[in-house]
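I have placed the structure first, in the form of structure tokens, so that the comments after it can refer back to it.
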Amino acid sequence: MKKVVLLVVTVCLTVFSFAQEQNAGELVEKANAAVESKDFAKAVDLFEKALAIPDHGQDVENINKVINQLKPIVAKDEAKSALDAKEYDKAEELYKAAMVDFPDDASILEQAGVRFYNEGIVSYKGKKYLDAVRCFSTAEKEFKYDKAAKYTAASLKKVAEELAAEGKTSVDEVNISADNKGLLIESLAKVYVSEGNELYKKGAEILSAANQKVNDGAMTTADDAYNAEVQKAKKEFTAAIAVLEKAAGLDPSNANASKLIEACKAVL
């Protein structure tokens, strides 16, 4: 974080309204102490209370300079605390509000992008892939942190793999944004295509090996052993079709799914 150079407010006392001024002076002293201990939210509150006292006798210009310096820091700290608590919606709202309230502070946008990105890394390593998607996507789309884009895709793939492991053919129950839901559908379809392709290749290898034995004269197509190998291959092709149809149902535009289904049916 950029080092904060804060002014220490001099406590002013005059001969009139002594009790009120002393009260204001005490508040300013406490505010200065809060600044030193980096409790900036408390410092802002105390400074503002001091200025609200009639005839406070304090250096208004100097105090306001400090308050204006502290407020963006307080806003960023509040947003960071929400993010640390996994309150992603709240953190996003707080960062956006801070950007509106303090438009000249470019560090707010930068911090928001970096913080959400870092939180995404933590979630990804912890295998909390939906949280990772949310954080990376927010860093990229809401706070212009382009580095997060590829990690959004990687996290979506992990979510898709988990869904595929459960045989899911819908993402309706997944708590994710509409944009990311569309990407998740594509990713899940690709996972199924990959699985279907592996089954197709396994069947093709079995059939190819059997035909090679026929070509080598080790068996004929009339032999029971050959027919047994053909049935094993067909079992793989049938399984491939079942998986590939999940992909096609999710994403009808996936050309690879269609081609592999046709290839499997041609052999069957």
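Annotations for the structure displayed:
- Å³ per residue enclosed by the Cα convex hull of the chain: 153
- For residue 128, the accessible surface of its heavy atoms amounts to roughly 120 Å² (probe 1.4 Å, protein chains only, rounded to the nearest 10).
- Most mobile of 166, 119, 87 in a GNM of the chain (Cα contacts under 10 Å): 166
- Computed over the stretch 159-268: relative contact order in percent, which uses C-alpha pairs under 8 Å that are six or more apart: 32
- To the nearest ten degrees, helix 149-165 and the longest principal axis of the Cα atoms of the chain are 50 degrees apart.
- Helix-only [θ]222 nm of the chain, DSSP H runs n ≥ 4, -39500 (n - 2.57) each, per residue, nearest 500: -25500 deg cm²/dmol
- Taking Cβ atoms as reference points and 14 Å as the exclusive limit, the residues near residue 150 contribute a net charge of +2, counting Lys and Arg as +1 and Asp and Glu as -1.
- When the Gaussian network model of the chain links Cα atoms closer than 10 Å, the mean-square fluctuations of 74, 191, 230 top out at 230.
- Accessible surface comparison of 237, 102, probe 1.4 Å, protein chains only, largest first: the order is 102, 237.
- Measuring nothing but how far apart in sequence close Cα pairs (under 8 Å, 6+ apart) lie, relative to its length, the stretch 21-67 scores a relative contact order of 43 percent.
- Relative contact order, percent, the stretch 91-151 [alpha-carbon distance under 8 Å, six or more residues apart]: 29
- Rounded to the nearest 10 degrees, the angle from helix 178-215 to the longest Cα principal axis of the chain is 30 degrees.
- Nearest-ten-degree value, helix 129-141 long axis tilted from longest Cα axis of the chain: 60
- Legend: distances between Cα atoms for 71/158; 80/150; 38/127; 38/96; 127/232; 125/147; pairs beyond 29 Å are 71/158; 38/127; 127/232.
- The listed peptides 36-43, 216-223, ordered by packing as a protection proxy, come out as 36-43, 216-223 (highest mean of other Cβ atoms within 10 Å first).
- To put it simply, the accessible area of the chain at a 1.4 Å probe is 51 percent carbon and sulfur.
- Per residue, the chain exposes an accessible area of 57 Å² to a 1.4 Å probe, with every protein chain left in place.
- The alpha carbon centroids of the stretch 134-207 and the stretch 223-268 are separated by 22 Å.
- Structure remark: mean-square fluctuation, Gaussian network model of the chain, C-alpha springs under 10 Å; the largest value among 213, 234, 144 belongs to 213.
The values are calculated or read from the model by the stated rules, or taken from the named source; none is laboratory data. Small disclaimer: the values here were computed from a predicted structure and weren't measured. Glycine also receives a Cβ, built like all others from the backbone with ideal geometry; neighbour counts cover every protein chain displayed. When the accessible area is computed, the model is the full protein with side chains, heavy atoms only, and any ligands, DNA or RNA have been set aside. Shrake-Rupley method; radii C 1.70, N 1.55, O 1.52, S 1.80 Å.
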